[in-house]
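Encoded as structure tokens, the structure appears first; notes follow it.
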Amino acid sequence: MLRPVRADRRTQPPRPATSRGMRLPLVAAAVVAAGLTAACGPSTQPVGSAAPSSAPPSAGAPAIESATASPEASPTASASASASASASATPRPGSSPARAGSAAATGTAAKPSRTSSAAKPAAVPGPGYDSSADAQKLIDAALRTAKSEGRTVLLDFGANWCGNCKAADKVFAQPQTAAILGNSYQLVKIDIGGNSSANSALLRKYSPSGGTYTMPVLVVVSPSGTVRTDTHVTGNPPLTAEGINSFLRQWAS
């Protein structure tokens with residue numbers, strides 16, 4: 001038998017689920033905030049304030065401060081920051097060190113670049129004798145160059161109509177003889193086959209023994225102007241490659 005429902009019983013409304021439903025988001029937010037605090041350190045800004053600007057540190061502040069957590073941060077965050085700083089300070093394998101201060105860090109000074117100071121071989125005059133050339137100026141220039149480049153001066157007195165002079169010119173043009181001349185001598189050719197009194201005076205100056213000269217007259221002179229040998233006195237070497245090369249090597253500087 002069914003009991004009649006009392007008309008005056010009032011059904012109580014269900015409790016609002018708002019209080020229970022809001023607890024879960026608040027708990028989740030607290031957990032997230034705790035995680036951020038452990039990773040980045042507690043924020044020094046009040047709630048609702050703007051995020052701090054990423055302004056560069058002052059000139060006197062050490063750069064490591066930008067990577068160090070605040071004193072209130074957890075030990076895990078401090079260890080992570082220290083490990084990151086150590087990793088950034090350690091160079092990667094194969095990477096080149098910074099140029100600035102690298103010499104001071106390694107304890108070695110940068111070596112100055114070296115440049116070659118060897119003089120180029122001297123130019124060897126072609127065959128024949130120039131009767132219009134100023135022989136005195138040529139000799140003066142040859143002495144200066146020989147002194148600065150460590151060579152010896154070879155004076156060749158001859159004439160264009162002289163057969164022996166032409167034979168000597170052919171040997172001078174050969175590669176081996178030309179190399180000896182270019183490396184060790186400043187060759188000056190002086191014409192004494194014409195009517196140049198100045199050139200005849202130069203011959204007597206460097207070969208003062210006088211008498212009848214057999215051309216070519218080869219005179220080896222030091223950079224200071226001192227005569228080392230004179231073929232008018234000693235006689236000419238054989239006018240062959242072997243004879244002239246031996247003569248040149250003997251008196252080379």
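A few points about this structure:
- Gyration tensor (alpha-carbon) shape descriptor, region 124-214, a/c threshold 1.5: oblate
- Taking other residues whose beta carbon is less than 15 angstrom from the beta carbon of Ala159, and scoring Lys, Arg as +1 and Asp, Glu as -1, yields -2.
- Summed side-chain charge close to Ile244 - residues other than Ile244 whose Cβ falls under 15 Å, Lys, Arg +1, Asp, Glu -1: +1
- Estimated distance in nm for a label pair at Ala123 and Thr214, the labels positioned 7 Å out from Cα along Cα-to-Cβ: 3.4
- Here Thr229 sits with roughly 10 square angstrom of accessible surface, probe radius 1.4 Å.
- In order along region 152-164, phi translates into HN-Hα couplings of 10, 9, 10, 9, 10, 8, x, 9, 5, 8, 7, x, 4 Hz, rounded to whole numbers, per the Karplus curve 6.51 cos²θ - 1.76 cosθ + 1.60 with θ = phi - 60° and x for Gly and Pro.
- Between Glu149 and Ser224, the distance separating the two model label sites (each 7 Å from Cα on the Cα→Cβ line) works out to 2.2 nm.
- Within the assembled protein chains, the solvent-accessible surface assigned to Ser196 is about 40 Å², based on a 1.4 Å probe.
The values are calculated or read from the model by the stated rules, or taken from the named source; none is laboratory data. Bear in mind the structure is a predicted one, so any value in this text is a computation, not a measurement. No Cβ is skipped: glycine too gets one built from the backbone with ideal geometry, and neighbour counts run over all protein chains shown. Accessible surface areas use protein heavy atoms only, side chains included; no ligands, DNA or RNA. Shrake-Rupley method; radii C 1.70, N 1.55, O 1.52, S 1.80 Å.
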